[in-house]
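Visitor: Can you keep this structure in mind? I'll have questions shortly.
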Amino acid sequence: MAETITSPAAAGSWLRRHRGLVVQLVMVALAVAFLVALRDRLPDLGAMWTAARTADPVWLVLVVLASAGSMAAFARLQRRLLRIGGTRMSLRRAFAVTYAGNALSTTLPAGPAVSVVYTFRQFRRAGASSQLATAVILVGGIITTGAYTVIGLLALLADPRARGPALMALSVPVALALVLLALCRHRGTRTRLVLSLRRIGGMILAHRRVAPYADRLREGRDVLRPSRRDWAALVMLATLNWAFDILALIAAARAVGIDVAPHGVTLAYFAAQAAGSLLPLLPGGIGAIESSMAASLVAFGATLTPAGAAVGLYRLASYWAVVTIGWLAWAALQEGPRLSERTRLQLAAAGRAAMAGLTSVAFITPYTVAPAPRAQPRNP
């Protein structure tokens, strides 16, 4: 019998094509090995389970509602931007696209890039032009990043230990702004200053790495013309996106009896987000987010076992449940590999049911819930 021999070139080509997946699996294996090596220093799983099992059910309900509210706010933000650009999308479909994009982003190798492409295609399917779809993704990201930064700064200013360094860091741009305002009082100086800033800005925008994004933002400015009311709604939704997610963590901490100040929980949340971003190859920041969040809660006065239980409850609602719903939504939107007709219809029905349940409890929307379009069978 002939023996199949794989050439080194073919093996190298396979590794190049799947290097993201390989690195991700290696990172997960290292994380598991790390947990096994430090198992004696980790909180007792039995004690964590007992703490979670005896958690206050009222706070647990709030964890679930806050997690759903966070996703709902982001779905509404993107839907509002689409509507400003002249494209209407039902709330249920906006929810499905948001959950599916989140699932792709947090579970696949190069997930954020895959999620952006997927969301772009879904906006195009909804009738948006390529310029509008790009603008919605870019502007939505800018607004949510701005809200994220402001909330983080407020949390730093609220903490007595971090207030001093935060104020020192803020004093530099504030002093610079005051100097510029003083210079702008003189017409000649103001004119020279404006010309200099325009020249510097033009040089930055003309840079080969910045120019493509600048061009897309200019296109977005042409297709998106938000009114003051629209800007207020967009900023509110971006703020609610983060505020609800932080509220979910606060509720999880309260559920297991952790009495840490809200600004302390908020700083623990931001520390975990930073840890997850430092290890982007870990799907959903698994391991990095949990360990950093629990350690931060302990630093603010919580004991280790309840902190681990609180983080587990929070991640169960804000990551695992959201990812599960996201893949159901992905199936409902008829994306991915070919499945049998019966399996596909069952997954689509489950996805539509999940979206219907989420939109029925979405209590902060000013819009009417519209039924999602029925899934049509794919042509073979």
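The values are calculated or read from the model by the stated rules, or taken from the named source; none is laboratory data. Only a predicted model underlies this, so the values are computations on that prediction, with no experimental measurement involved. Positions of Cβ are generated from backbone atoms using ideal geometry, with glycine treated the same way; all protein chains shown enter the neighbour counts.
Visitor: Is it the case, given these coordinates, that Gly220 is at pLDDT below 75 and buried (at least 20 other Cβ atoms within 10 Å of the Cβ)?
Guide: Details: at pLDDT below 75: yes; buried (at least 20 other Cβ atoms within 10 Å of the Cβ): yes.
For Gly220, the condition - at pLDDT below 75 and buried (at least 20 other Cβ atoms within 10 Å of the Cβ) - is met.
Visitor: Being out of contact with any strand residue (DSSP E or B) (no Cβ under 6 Å at 6 or more places or on another chain), of a type in the set (Ser, Thr, Tyr) and modelled with pLDDT of 90 or more is the requirement here; does Thr189 meet it?
Guide: No.
Visitor: Looking at (1) touching a residue at least 12 places away in the same chain (Cβ under 8 Å); (2) loosely packed, with under 14 Cβ neighbours inside 10 Å; (3) under 28 Å from Arg79 (Cα atoms), find the lone condition where Leu180 falls short.
Guide: (3)
Visitor: Can you find, within the range 112-132, the residue that is surrounded by the most Cβ atoms within 10 Å (Cβ to Cβ) among those that are within 18 Å of the chain's Cα centre (by Cα) and among the small types (Gly, Ala, Ser)?
Guide: The selected residue is Ser115.
Visitor: Quick check on the range 134-149: of everything there that is surrounded by fewer than 18 Cβ atoms within 10 Å (Cβ to Cβ) and touching a residue at least 40 places away in the same chain (Cβ under 8 Å), which residue is nearest to Ala72 (Cα to Cα)?
Guide: Ranking the qualifying residues of the range 134-149, first place goes to Tyr148.
Visitor: Return the only residue of Ala100, Ala33, Ala47, Ala51 being small (Gly, Ala, Ser), surrounded by fewer than 11 Cβ atoms within 10 Å (Cβ to Cβ), assigned to a helix (DSSP H, G or I) and modelled with pLDDT under 95.
Guide: From the options Ala100, Ala33, Ala47, Ala51, the qualifying one is Ala33.
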